[in-house]
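Please read the structure below before turning to the comments.
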Amino acid sequence: MNRRCAKGRTPLHAAAINGDLKTLNLLVRNGGDYRLHDDDGKSVKDFVLLLDNKDIKKDILQFLEDIHEMTILQASKSQQTSICPSLTACIQNDATANDYSNFPNVIF
């Protein structure tokens with residue numbers, strides 16, 4: 001999905017250059033990384049900004065923004081659960097919310 005051509009561009013770069021939101025969506029949903037840059041340092045967003053059609057440009061920029069926000073939220077949720085699963089479970093269960101026995105090294 002993130003294979004590169006001789007210029008370091010991925011299929012996502014090609015879809016952006018062509019203003020193809022449907023293909024961008026398909027690629028991202030199947031593991032394409034919208035954050036990658038080509039050999040000249042250009043991102044998918046950089047190519048979208050070069051599009052002439054303002055409506056397509058707007059739609060793709062909104063899509064990229066939405067994907068970026070979802071990525072941040074997923075990473076945040078993943079970090080919270082992996083940092084301290086016991087704390088997450090404790091917070092979610094009101095009955096044990098004040099039971100700190102799972103955290104012997106934490107000073108309260």
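Against the numbered list (1) free of Cβ contacts under 8 Å to residues at least 40 places away in the same chain; (2) buried (at least 16 other Cβ atoms within 10 Å of the Cβ); (3) not hydroxyl-bearing (Ser, Thr, Tyr), residue 46 comes up short only at (2). When residue 52 is tested against (1) modelled with pLDDT of 60 or more; (2) surrounded by 11 or more Cβ atoms within 10 Å (Cβ to Cβ), just one condition goes unmet, and that condition is (2). In this entry, residue 28 is excluded by the filter for residues that are out of contact with any Cys (no Cβ under 9 Å at 6 or more places or on another chain) and modelled with pLDDT of 95 or more. Against the test of being free of Cβ contacts under 8 Å to residues at least 60 places away in the same chain, surrounded by 13 or more Cβ atoms within 10 Å (Cβ to Cβ) and either part of a helix (DSSP H, G or I) or touching a Lys or Arg at 6+ places or on another chain (Cβ under 9 Å) (or both), the options 59, 40 yield a single qualifying residue, 59. Within segment 62-81, being more than 19 Å from residue 29 (Cβ to Cβ), of a type outside the set (Gly, Ala, Ser) and loosely packed, with under 13 Cβ neighbours inside 10 Å holds for 79, 81.
Of all residues in segment 1-28, those that are in a loop (DSSP other than H, G, I, E, B) and either exposed (fewer than 15 other Cβ atoms within 10 Å of the Cβ) or at negative phi (or both) total 12.
The values are calculated or read from the model by the stated rules, or taken from the named source; none is laboratory data. Note that the coordinates shown come from a computational prediction; the quantities given were computed from them, not determined experimentally. All Cβ positions, even for glycine, are placed from backbone atoms using ideal geometry, and neighbour counts span all protein chains on display.
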